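Nothing in this text is a laboratory measurement; each read-out follows from the coordinates by a stated rule. What you see is a predicted model; the values in this text were computed from it and never measured. In this analysis, Cβ positions are derived from the backbone assuming ideal geometry, glycine residues included, and neighbour counts consider all displayed protein chains.
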Amino acid sequence: MDNSIIIIVGGILLGAVIGFIIAKALEKNNASKLVREAKKSAASILKEANSEGESIKKDKILQAKEKFIELKAEHEKVILARDKKMAEAEKRTRDKESQISSELNKSKQLNDTLDSKIKDYNHRLDILDKKEQEISKLHKSQVEQLEVISSLSAEDAKAQLIESLKGEARNEAMGFVQNAIEEAKLTAQQEAKKIIINTIQRIGTEEAVDNCVSVFNIESDDVKGRIIGREGRNIRAIEAATGVEIIVDDTPEAIILSCFDSVRREIARLSLHKLVTDGRIHPARIEEVVQKTTKQIEQEIIEVGKRTVIDLGIHNLHPELIKMVGRMKYRSSYGQNLLQHSREVAKLCGVMAAELGLNPKLAKRAGLLHDIGKVPEAEADMETPHAILGMQWAEKYGEKDEVCNAIGAHHDEIEMKSLISPIIQVCDAISGARPGARRQVLDSYIQRLKDMEDIAFGFQGVKKAYAIQAGRELRVIVESEKVDDNKAAELSFNISQKIQTDMTYPGQVKITVIRETRAVNIAK
């Protein structure tokens, strides 16, 4: 039993050993197979790596060759450019050398020529010196002969000649000075007249504009938008409250106030100044400011009237008449301020009445009030002549009959009944007719412009004519088919001569003839 177990156990162990040996043998066979396969794959990988390395080596060699060729080409270009610059520099150097050599040759020739000329000049100087010595000897001998003949020495003859020349020069100089003085007097008088006429003409135009237009200056154009307001409500409110037309245009930093009533213009100007300064601009504020400004202007008018009456020494004048005198400050007649004119007439009347032995105070009173009819407060009063209207107001406010008659008769609307009346009329004419007191009447001014244009239209070929610059320039447009350039210049001269002979005008008139040629075609 025990032997059999031992045999079985020994058999099992032997089987296990044999299995282990067999397994090891199998593993060894598999390992050898794997080694052979690994060697084969390693050989193939090495072969592929060698072939790939050869291809990369060939590519790199090709790239290196191409880069070398490019660098070589660029290097050859640089060398060629450098050779070209060197060749140009050598050429410029050769040109400069040739130029310098030619200039050296020229300078050498000039030096030779100059040397020859210097020699010739020295030779001529020697000849001239000899001739001068001969001439001085001859002159000395001639002077000695003249002294013997005239029994005078050279110095005495020279002194007599100088004295005679001095007398002749003095007489000629006196005549020349006299002629120059007379010519200067004539020229100065003409130039003075031209200056005065041109000045009056310019100032007259400016005063004519000032009679109906005032300019309100502003700090910036942004204020214009605030004055106009949303949809123009502010500007409409100002125009309605003041009765003044407000013109807001492209004029920089300025607004134009247009109205024939200078009192209304002043109210509008002061109101705008207050509104812009305050910054609050809306219809309710506008009405409030205009009302306050109107009261302020009315008070100022009264103060001006009182000061005028006190300055002239006139007493017991009705308050309404004082107010009318103050309103004359804002009224002008033909460019002459009405208050200044009335003060001037009053003073003239006082002096003239005193010289004639009449009452100077009464004459002053009538002279101050003679034009109060020119400042009506209602439009209905404007239909009545200002002399009659002034007389009616004077009668209404208790003035004496002599004063009322003088006011009403100073333009011959009624009969003169006192000696003061002709004095008022004469002094009014003196104040208005003195030089520079009033500007030219508008009707005669317009007629003068029309006459200028009519003279231009009297020539053939004239198409249009315009008198501009207050009559100081006449521009004439001619038909290019009938008038050429030469005829245009001749036409300008002829028109100027025609105006000069047929018209009377202040200053100068410039005639400009314009000839325009147009070529017009239409592409269809």
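May I ask you to work out the translational diffusion coefficient for the stretch 445-515 at 37 °C, viscosity 0.692 mPa s, via Stokes-Einstein with Rh from the Kirkwood sum over Cα pairs, reported in whole µm²/s? Spell out each step's value before the answer.
Details: Rh = 12.0 Å.
Result for D is 274 µm²/s.
Note down the net charge around residue 52, summing +1 for each Lys or Arg and -1 for each Asp or Glu among other residues with Cβ under 15 Å from its Cβ.
The answer is +1.
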From the list [x] 90, 66, 52; [y] 197, 122, 60; [z] 74, 56, 51, can you say which value of Cα extents along the principal axes in Å was derived from the structure given?
[y]
Can you order the peptides 228-239, 5-16 by their average number of other Cβ atoms within 10 Å per residue, highest first?
228-239, 5-16
Please name which of 416, 234, 42 has its Cα lying farthest along the dipole of the chain towards the positive end, using unit charges on Cβ (Lys, Arg +1; Asp, Glu -1) and the Cα centre as origin.
42
Phi-based couplings in Hz for the stretch 104-119 (Karplus 6.51, -1.76, 1.60; Gly and Pro marked x):
4, 5, 5, 5, 5, 5, 5, 4, 4, 4, 5, 4, 5, 5, 4, 4
Show the residues, 5+ positions off or on another chain, whose built amide H is closer than 5 Å to the amide H of residue 332.
338
Run the numbers on the chain and let me know its relative contact order in percent, using alpha-carbon pairs under 8 Å that are six or more apart.
7 percent
Cα-centre dipole for the chain with unit charges at Cβ (Lys and Arg positive, Asp and Glu negative), debye to 20
3200 debye
Once every DSSP H run of n ≥ 4 in the chain is given -39500 (n - 2.57) and the sum is divided by its residues, what mean residue ellipticity at 222 nm do you get, rounded to the nearest 500 deg cm²/dmol?
-25500 deg cm²/dmol
From the phi of every residue in the stretch 260-270, what ³J(HN,Hα) in whole Hz does the Karplus formula 6.51 cos²θ - 1.76 cosθ + 1.60 yield, where θ is phi - 60° and glycine or proline is x?
6, 8, 5, 5, 5, 4, 5, 4, 5, 5, 5
Which percentage, to the nearest 5, of the DSSP beta bridges contained in the chain is antiparallel?
75 percent
Convert each backbone phi in the stretch 238-250 into a coupling constant with the Karplus relation 6.51 cos²θ - 1.76 cosθ + 1.60 (shift: θ = phi - 60°), then list the ³J(HN,Hα) values in order as whole Hz, x for Gly and Pro.
5, 5, 5, 6, 9, x, 10, 7, 9, 10, 10, 10, 7
Please give the net charge around residue 161, taking every other residue with its beta carbon less than 14 angstrom from that of residue 161, where Lys and Arg add +1 and Asp and Glu add -1.
-2
Starting with the fewest neighbours, write out 308, 187, 512 ranked by other beta-carbon atoms found within 10 Å of each beta-carbon.
187, 512, 308
